[in-house]
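The values are calculated or read from the model by the stated rules, or taken from the named source; none is laboratory data. Treat the numbers as computed from the prediction; the structure is a model and nothing was measured. Ideal geometry is used to build each Cβ from the backbone, glycine not excepted, and the neighbour counts take in all protein chains shown.
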Amino acid sequence: MGAMTDPTSSPSQLWRYVQDDDPSAFTLIVETPNGPYVRRIPPALPLPSGVDHGSGAEAAAHTAAATWGMPDFVFQQADHATKGSGRRELGDRLLLAGRRGAVVQVKARTIKPKPDAQEVAWIQKVAAKAMSQAKGTVRQLRMLPADMVNGRARTLQVDGNAYEWVAVFLLDHPQVPEGTQVTWEPIGMPAIALTRRDWDFLFDQLRSTTAVLDYLFRAAAEEPVPLGEEPVRLYELAAADAAAPPKDIDTELVGPGGTLFSTPRLPQAPAGSDGTHAHLMIRIMLEDVATSLLRDSVAEGDRFTVLSDFDRLPVPARAEWGHLLLDMLRDVPEVPEEHCKWRFRRLLEEDGTRQLIVGAATRFDPIIEAAFSAYVQLRHHEVTARTGRAEESSTLGVLLTPRRDGVRPWDTSAVRVHGDLDLSEEEIQVYSEEWNRATENADVSVSG
């Protein structure tokens with residue numbers, strides 16, 4: 001019926017049950033400091049109808065990443081891409097977010113499985129082929145950038161030299177022999193083997209492409225686990241994260257009033273498991289950015305960068321941030337007519353180079369837009385003046401403003417700055433007098 005992992009191998013105990021009536025799914029019972037937590041790992045998403053098995057497995061993997069992650073981060077080669085002499089077609093799916101990328105090679109067992117020994121041999125064979133193909137894709141992208149199309153049919157030119165890569169062998173198989181552990185020759189970059197159920201689980205658990213990519217890199221550096229056991233490894237790593245002490249970070253980098261915020265890299269509970277929909281606030285805001293019309297001066301590459309920066313918000317923090325943003329939206333309209341109320345939260349990542357600002361204001365108009373831009377620039381200038389690392393630093397600001405026309409509940413706008421802004425002394429003085437005075441009067445709520 002089930003088995004238990006060695007309780008001495010991780011900071012928490014994991015009980016694993018396989019259901020007799022559904023061997024493609026299993027249940028984990030995780031012993032945490034807050035008591036036991038039950039997590040059912042369902043089968044992989046069903047294949048789409050009307051397509052062959054191999055193409056269907058690729059499409060299903062794409063659907064999982066686009067649905068639980070974001071379609072903006074899932075890519076394949078553009079149909080119109082030029083394929084010159086000696087160039088092979090890039091059939092791989094790519095996951096891209098920030099400066100990390102995954103080359104995903106999906107392999108499907110399209111015939112009735114044979115005895116276990118033969119199946120293991122076949123899996124080893126296709127895994128070696130998948131890793132070789134992934135290596136070739138990265139090599140080709142580094143030699144010559146290619147146009148790739150994301151899940152919203154938008155084109156991004158991908159230069160392989162701009163990304164750190166991990167290779168993913170993704171297996172679609174009706175019944176992987178128990179204990180199958182895949183090996184391959186080194187390919188010069190991190191690599192990992194997953195079943196399609198593992199893949200779906202990661203996206204369902206984390207609901208963030210950035211978080212999944214970070215996990216893939218982290219897991220690829222660990223000892224391999226048998227195919228199908230990725231949920232067990234994730235929970236073991238999550239338990240280790242929960243037990244780890246917080247890092248010592250200089251909160252003065254964000255200025256007076258900064259507080260230390262620490263959260264595990266991996267959540268032990270799935271995203272959104274608090275019984276509310278608050279975590280969806282971040283997804284909705286990401287969708288707002290993804291579907292908005294771009295100004296003439298803004299390119300799709302800029303949108304990709306903004307989405308990537310926003311998606312870096314730690315998964316375990318998203319529900320609390322969602323509750324806060326909803327509270328902000330309820331609060332900022334409560335002012336006399338012609339007045340404007342602002343509320344903010346800032347987060348500076350531990351290396352001091354990436355800052356995220358979310359906020360809400362009573363209304364949106366050109367004055368509010370300019371004031372918010374000034375706030376983002378000022379906070380970026382202040383942090384980079386303290387760190388001395390302006391050239392490698394960026395700040396993303398996302399502002400919500402309530403609407404009263406019934407079309408939608410709010411508008412979302414974003415401002416991103418990076419590098420040395422070269423603000424004049426006069427600009428710094430004007431921005432500081434306006435915003436730092438407001439902070440002293442407690443009209444602006446800021447936490448680091």
Odd one out for residue 147, checked against (1) assigned to a strand (DSSP E or B); (2) of a type in the set (D, E, K, R); (3) without any contact (Cβ under 8 Å) to a residue 60 or more places away in the chain: (3)
Residue within the range 241-261 that is out of contact with any helix residue (DSSP H, G or I) (no Cβ under 9 Å at 6 or more places or on another chain), buried (at least 21 other Cβ atoms within 10 Å of the Cβ) and in contact (Cβ under 8 Å) with a residue 40 or more places away in the chain present: no
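Test residue 66 against the stated conditions and say whether it is at pLDDT 90 or above and part of a loop (DSSP other than H, G, I, E, B). Write out each step before concluding.
On the way: at pLDDT 90 or above: yes; part of a loop (DSSP other than H, G, I, E, B): no.
The answer is no for residue 66.
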Conditions (1) closer than 23 Å to residue 206 by Cα; (2) in contact with a Phe, Trp or Tyr (Cβ under 9 Å, 6 or more places away or on another chain); number of the one not met by residue 329: (1)
Matching residues in the range 76-100 - criterion: being touching a Gly at 6+ places or on another chain (Cβ under 8 Å) and modelled with pLDDT of 95 or more: 94, 95
Only listed residue being under 16 Å from residue 232 (Cβ atoms) and in the same structural domain as residue 127 (by TED's automatic domain parsing), chosen from 147, 172, 200, 159: 200
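If I ask for residues that are loosely packed, with under 14 Cβ neighbours inside 10 Å and either in a helix (DSSP H, G or I) or in contact with a strand residue (DSSP E or B) (Cβ under 8 Å, 6 or more places away or on another chain) (or both), which ones from the range 105-128 would you list?
As a first pass, look at the range 105-128 and keep what is loosely packed, with under 14 Cβ neighbours inside 10 Å: 110-112, 114-115, 117-118, 121, 125.
Answer for the range 105-128, where residues must be loosely packed, with under 14 Cβ neighbours inside 10 Å and either in a helix (DSSP H, G or I) or in contact with a strand residue (DSSP E or B) (Cβ under 8 Å, 6 or more places away or on another chain) (or both): 117, 118, 121, 125.
So which residues in the range 293-313 are among the acidic types (Asp, Glu) and not in a helix (DSSP H, G or I)? Reasoning before the result, please.
If we filter the range 293-313 for residues that are among the acidic types (Asp, Glu), which is where we start, we get 296, 300, 302, 309, 311.
Passing the criteria: 296, 311.
Examine the range 314-328 for a residue that is in a loop (DSSP other than H, G, I, E, B), in the same structural domain as residue 412 (by TED's automatic domain parsing) and closer than 21 Å to residue 249 by Cα, and state whether such a residue exists. It would help to see each step written out before you state the result.
Just the residues of the range 314-328 that are in a loop (DSSP other than H, G, I, E, B), to begin with: 314.
Within this subset, residues satisfying the condition of being in the same structural domain as residue 412 (by TED's automatic domain parsing) are 314.
Then keep just the ones that are closer than 21 Å to residue 249 by Cα; that gives 314.
Checked against the condition, which is being in a loop (DSSP other than H, G, I, E, B), in the same structural domain as residue 412 (by TED's automatic domain parsing) and closer than 21 Å to residue 249 by Cα, the range 314-328 yields at least one hit.
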Condition met for residue 416 (of a type in the set (D, E, K, R), under 23 Å from the mean Cα position of the chain (by Cα) and modelled with pLDDT of 95 or more): yes
Counted residues, the range 34-72 - those being buried (at least 18 other Cβ atoms within 10 Å of the Cβ) and charged (D, E, K, R): 3
Selection within the range 9-30 - surrounded by fewer than 16 Cβ atoms within 10 Å (Cβ to Cβ) and either modelled with pLDDT of 90 or more or within 18 Å of residue 241 (Cβ to Cβ) (or both): 9
Checklist (1) more than 24 Å from residue 114 (Cβ to Cβ); (2) in contact with a Ser or Thr (Cβ under 8 Å, 6 or more places away or on another chain); (3) assigned to a helix (DSSP H, G or I) applied to residue 134, failing item: (2)
Any hit, the range 135-153, residues being under 30 Å from residue 27 (Cβ atoms) and within 20 Å of the chain's Cα centre (by Cα): no
Per-region count, the range 273-284, residues over 14 Å from the mean Cα position of the chain (by Cα) and either of a type in the set (Ser, Thr, Tyr) or buried (at least 18 other Cβ atoms within 10 Å of the Cβ) (or both): 4
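Here is a list: 102, 162. Which entry is in contact (Cβ under 8 Å) with a residue 60 or more places away in the chain and surrounded by 22 or more Cβ atoms within 10 Å (Cβ to Cβ)?
On the way: 162 fails: surrounded by 22 or more Cβ atoms within 10 Å (Cβ to Cβ).
Among 102, 162, only 102 is in contact (Cβ under 8 Å) with a residue 60 or more places away in the chain and surrounded by 22 or more Cβ atoms within 10 Å (Cβ to Cβ).
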Which numbered condition residue 422 fails, given (1) part of a strand (DSSP E or B); (2) at positive phi: (1)
